[in-house]
Amino acid sequence: MKRFTVAILVNNQFGVLNRVTSMFRRRQFNIHSLTVSETESAAYSRITIQSEGDGVVKQQLINQLYKLPDVCSIQEFEQQDVVSRELMLIKMKNCAETRDDVRGAIDAFEGKIVDYTKDSLTIQMVGDSRKIDNFVNLMKEYEILEICRTGVVSLERGASTIRRVTHL
């Protein structure tokens, strides 16, 4: 199945995120990534969700989301028309035998060491999901202590905004 990303502009109200995620649960949609934040206006929040399915599944999801009263607008993203990023912090064991290899990978993937102790390295990695996944797969050869990922954030390229399709 194909992954897809949608952004949902919602009223910034208590309980809206619960209603959106409950709709996913009721319809048995799996959420691969979820990010939520207030927008440039305190009146709205933006929910970016990455899920999986064909075009019919995606359209069904969008139709169900529009039935929720606090949903103002939904924007579907086509991969070629979007800028997407994810943030990951990964904590690695710091040992003399593997330190140079790990640091070489950090440099190659344009990561940054944000915490360095005798026993561990915490690395910040920013990029698209594929870059993050590839870095994690490479680090599996070493000792990963902990991983934390934000989920995908996406904006459409150019001057278009999610508000251009707002149903207010």
Single unsatisfied condition, residue 163 versus (1) at pLDDT below 95; (2) not in a helix (DSSP H, G or I): (2)
Given (1) outside the structural domain of residue 111 (by TED's automatic domain parsing); (2) closer than 30 Å to residue 116 by Cα; (3) not hydroxyl-bearing (Ser, Thr, Tyr), number of the condition residue 97 does not satisfy: (1)
Of all residues in segment 116-160 being out of contact with any strand residue (DSSP E or B) (no Cβ under 8 Å at 6 or more places or on another chain), outside any helix (DSSP H, G or I) and among the basic types (Lys, Arg), the one that is farthest from residue 51 (Cα to Cα): 118
Candidates 127, 55, 104 - the one that is closer than 30 Å to residue 7 by Cβ and not assigned by TED's automatic domain parsing to the domain that holds residue 26: 127
Hey, residue 100 within 30 Å of residue 137 (Cα to Cα), in a helix (DSSP H, G or I) and not hydroxyl-bearing (Ser, Thr, Tyr) or not: yes
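Table: residues versus (1) touching a strand residue (DSSP E or B) at 6+ places or on another chain (Cβ under 6 Å); (2) closer than 17 Å to residue 162 by Cβ; (3) crowded, with 17+ Cβ neighbours inside 10 Å; (4) free of Cβ contacts under 8 Å to residues at least 60 places away in the same chain.
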site: 19; (1), (2), (3), (4): no, no, no, yes
site: 22; (1), (2), (3), (4): no, no, no, yes
site: 28; (1), (2), (3), (4): no, no, no, yes
site: 34; (1), (2), (3), (4): yes, yes, yes, no
site: 44; (1), (2), (3), (4): yes, yes, yes, yes
site: 56; (1), (2), (3), (4): no, no, no, yes
site: 63; (1), (2), (3), (4): no, no, no, yes
site: 72; (1), (2), (3), (4): yes, yes, yes, no
Any chance residue 143 is surrounded by 14 or more Cβ atoms within 10 Å (Cβ to Cβ) and over 30 Å from residue 75 (Cβ atoms): yes
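Per-residue answers, yes or no, for (1) modelled with pLDDT under 95; (2) more than 30 Å from residue 72 (Cβ to Cβ); (3) of a type outside the set (Ser, Thr, Tyr):
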| position | (1), (2), (3) |
| --- | --- |
| 97 | no, yes, yes |
| 105 | no, yes, yes |
| 120 | no, yes, no |
| 130 | yes, yes, yes |
| 137 | no, yes, yes |
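To keep it simple, each residue is scored yes or no on (1) modelled with pLDDT of 95 or more; (2) over 24 Å from residue 132 (Cα atoms); (3) assigned to a strand (DSSP E or B).
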| position | (1), (2), (3) |
| --- | --- |
| 5 | no, no, yes |
| 13 | no, yes, no |
| 18 | no, yes, no |
| 31 | no, no, no |
| 62 | no, yes, no |
| 65 | no, yes, no |
| 83 | no, no, yes |
| 86 | no, no, yes |
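Do we have residue 88 as surrounded by fewer than 19 Cβ atoms within 10 Å (Cβ to Cβ), farther than 21 Å from residue 161 by Cα and among the aliphatic types (A, V, I, L, M) here?
On the way: surrounded by fewer than 19 Cβ atoms within 10 Å (Cβ to Cβ): no; farther than 21 Å from residue 161 by Cα: yes; among the aliphatic types (A, V, I, L, M): yes.
No: the conditions fail for residue 88.
The values are calculated or read from the model by the stated rules, or taken from the named source; none is laboratory data. The structure displayed is predicted, hence computed values, not measured ones. Here the Cβ is made from the backbone with ideal geometry for all residues, glycine too, and neighbour counts use every protein chain on show.
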